[in-house]
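Read the structure below first, then the notes.
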Amino acid sequence: GAPANIVGSADFWTVGARQAGGFGDISYRGEFYYQTGKSNLGGDLDAFMIGLRAGYTAKNVAMKPSFTLWYDYLSGSSASDLAQGDQGDFRTLFDTGHKYYGLMDLFLGGPTSNGPTHPVGGLVDYAAKASIQPMANTTFKADLHHFELAEDNGGSTTLGQEIDLTLVHKCSASTTMSVGYSHFFARELLSSYNG
C-alpha cells in the first residue's frame, strides 16, 4: 500500500526567489523555493519547489486569445527518507490550490493538511491554459493539467489529468460571476494516495 498522509507539527523555514516579466505579447515567470528544518517525524526536512510559466497574449487581436505553458515541481519524500524520519515533501504556504493545481482542489496544502493533500511522493503539474474574451467583460478559460508524483517509490507515477472549463463575466466593479465544468481522469494510483 501507499504511505498515509503524514500529520503532526514541524518546525521549518522557507526561502526562495521569484522573477516575472515580459516583452511585447510574451510573459514569463520563474520561481524557486527551498524548505529546511525538522520534519513531522523528528528527522530533517529538505524540500523544494520549482515553478515555470511562459505565456502569449495577442492583445491587439479580436477576443485577445492567450496561451500559457505551465510546470510546477513540488518535491516528495522517498521511502528511504521516511524510514529514517526525514521528509522531502514541499509544503505550500498560504495555499490557494485551485488557482494553481486545478479547480477541483484535489491537491491542496501539504501533508499536514486535514483534507485532500499533495501525496507524500510530491507533485508534478504539467499544464496548458488558454483563454479568449468573446465580448467585453467576459472570458472563457480552458485549462488542462497532467499530474504525477515527484518521487518514484516503485510503480507508476501518473495520478491523472484534469480539465477545467470556465466562463467568467464581470457584471460590475464589485461583482463577478463564474460558471464552469471540471473533470478529473483518475488513475488507480490517485485512489491509493487520497482514498
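Things to note:
- A convex hull fitted around the alpha carbon atoms of the stretch 10-59 yields 67 Å³ per residue.
- The Cα center of the stretch 125-149 and the Cα center of the stretch 37-94 differ in position by 19 Å.
No value in this document is a laboratory result; all are computed from the given coordinates. Just so it is clear, the structure is predicted and the values come from calculations on it, not from any experiment.
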